[in-house]
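A.B. asks: Structure below; questions to follow.
The values are calculated or read from the model by the stated rules, or taken from the named source; none is laboratory data. Please read these numbers as outputs of a predicted model, since none were measured by experiment. Cβ placement follows ideal geometry from the backbone for every residue including glycine, while neighbour counts extend to all protein chains displayed.
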Ligand SMILES: O=C(O)c1ccccc1N[C@@H]1O[C@H](COP(=O)(O)O)[C@@H](O)[C@H]1O
């Protein structure tokens, strides 16, 4: 059985050099974190500069936590995002409003599965499974998660070059998303680790997906 190519998002991008090296490495998207609590937070001006500088084919995913849907839409427009990643619990009306403007990545924890409506494949809302403390470098228990892992969902949480193949084999996520394991310090990547991460995903997908 062949699977579609696993998409790769390199998150926590705070500077143009890291954005360009992620794109050069073959990442499908970069993450720009606007969450006020994040040690990788980027301001709107820097995010806009990055969005305008990278190839249009590279997704720019804004990451939001403890922020209203109004603020999300304002920042998304100002910084030319291509998608929004939401860590908050919104009303169904807020999800619908956001999804009418941007593709939405809705971040949930393993404990949330069974409590939420899984979006239909092809809808503009995609689930991503992440650890309770996002951005902490904590892997999930992939084998335990496998029975409930929704088709089409993305995976985050402690992923890096040394373990992403194991996670892909266990869960076959539609995409993978990483930050901590790729950094030399918060908000600053090691380009070699970013390249190694993308290469590890491509190897895990196998030759038919290159
Ligand atoms: O990384 C952060 O600082 C952050 C803050 C607030 C919301 C999300 C954040 N990061 C997200 O966490 C995942 C996983 O990170 P890690 O690889 O386990 O360190 C990352 O992909 C971001 O989407």
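Listed here are the residues, each with its yes/no results for (1) farther than 29 Å from residue 5 by Cα; (2) within 16 Å of the ligand (Cβ to nearest atom); (3) out of contact with any strand residue (DSSP E or B) (no Cβ under 9 Å at 6 or more places or on another chain); (4) at pLDDT below 95.
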| position | (1), (2), (3), (4) |
| --- | --- |
| 20 | no, no, yes, no |
| 29 | no, yes, no, no |
| 36 | yes, yes, yes, no |
| 45 | yes, no, yes, no |
| 52 | no, no, yes, no |
| 57 | no, no, yes, no |
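A.B. asks: Checking residue 136 against (1) surrounded by 14 or more Cβ atoms within 10 Å (Cβ to Cβ); (2) within 17 Å of the chain's Cα centre (by Cα), which single condition isn't satisfied?
C.D. replies: (1)
A.B. asks: If you take the residues in the stretch 122-132 that are more than 15 Å from residue 160 (Cα to Cα) and modelled with pLDDT of 95 or more, which one is nearest to the ligand (Cβ to nearest atom)? Lay out the reasoning, then the answer.
C.D. replies: First, the residues of the stretch 122-132 that are more than 15 Å from residue 160 (Cα to Cα): 122-129, 132.
If we keep only those that are modelled with pLDDT of 95 or more too, we end up with 125-129.
Details: 125: 16, 126: 13, 127: 13, 128: 7, 129: 10 Å.
For the stretch 122-132, the residue satisfying everything is 128.
A.B. asks: So residue 119 ticks every box in (1) away from the ligand (no atom under 14 Å from the Cβ); (2) surrounded by 12 or more Cβ atoms within 10 Å (Cβ to Cβ); (3) part of a helix (DSSP H, G or I) but one. Which box is left unticked?
C.D. replies: (3)
A.B. asks: Continuing with the same structure: Might you check whether a residue that is touching a helix residue (DSSP H, G or I) at 6+ places or on another chain (Cβ under 8 Å), modelled with pLDDT of 95 or more and surrounded by fewer than 17 Cβ atoms within 10 Å (Cβ to Cβ) occurs anywhere in the stretch 99-106?
C.D. replies: If we filter the stretch 99-106 for residues that are touching a helix residue (DSSP H, G or I) at 6+ places or on another chain (Cβ under 8 Å), which is where we start, we get 101-102, 104, 106.
From what is left, the residues that are modelled with pLDDT of 95 or more are 101-102, 104, 106.
Now drop any that are not surrounded by fewer than 17 Cβ atoms within 10 Å (Cβ to Cβ), which leaves 101.
Yes, the conditions are met somewhere in the stretch 99-106.
A.B. asks: Within the stretch 180-210, which residues are in a loop (DSSP other than H, G, I, E, B) and either surrounded by 18 or more Cβ atoms within 10 Å (Cβ to Cβ) or in contact with a strand residue (DSSP E or B) (Cβ under 8 Å, 6 or more places away or on another chain) (or both)? If you could, list the steps in order and put the result at the bottom.
C.D. replies: Going residue by residue through the stretch 180-210, those that are in a loop (DSSP other than H, G, I, E, B) are 186-187, 190, 206, 210.
Selection gives 187, 190.
A.B. asks: Looking at the stretch 165-179, is at least one residue away from the ligand (no atom under 16 Å from the Cβ), in a loop (DSSP other than H, G, I, E, B), at negative phi and loosely packed, with under 15 Cβ neighbours inside 10 Å?
C.D. replies: Taking every residue of the stretch 165-179 in turn, none turns out to be away from the ligand (no atom under 16 Å from the Cβ), in a loop (DSSP other than H, G, I, E, B), at negative phi and loosely packed, with under 15 Cβ neighbours inside 10 Å.
A.B. asks: Considering only the stretch 85-97, how many residues are in contact (Cβ under 8 Å) with a residue 24 or more places away in the chain and within 16 Å of the ligand (Cβ to nearest atom)?
C.D. replies: Taking the stretch 85-97 as the starting set, the residues that turn out to be in contact (Cβ under 8 Å) with a residue 24 or more places away in the chain are 85, 87-88, 94-95, 97.
Keeping just the survivors that are within 16 Å of the ligand (Cβ to nearest atom) gives 85, 87-88.
So the count comes out to 3.
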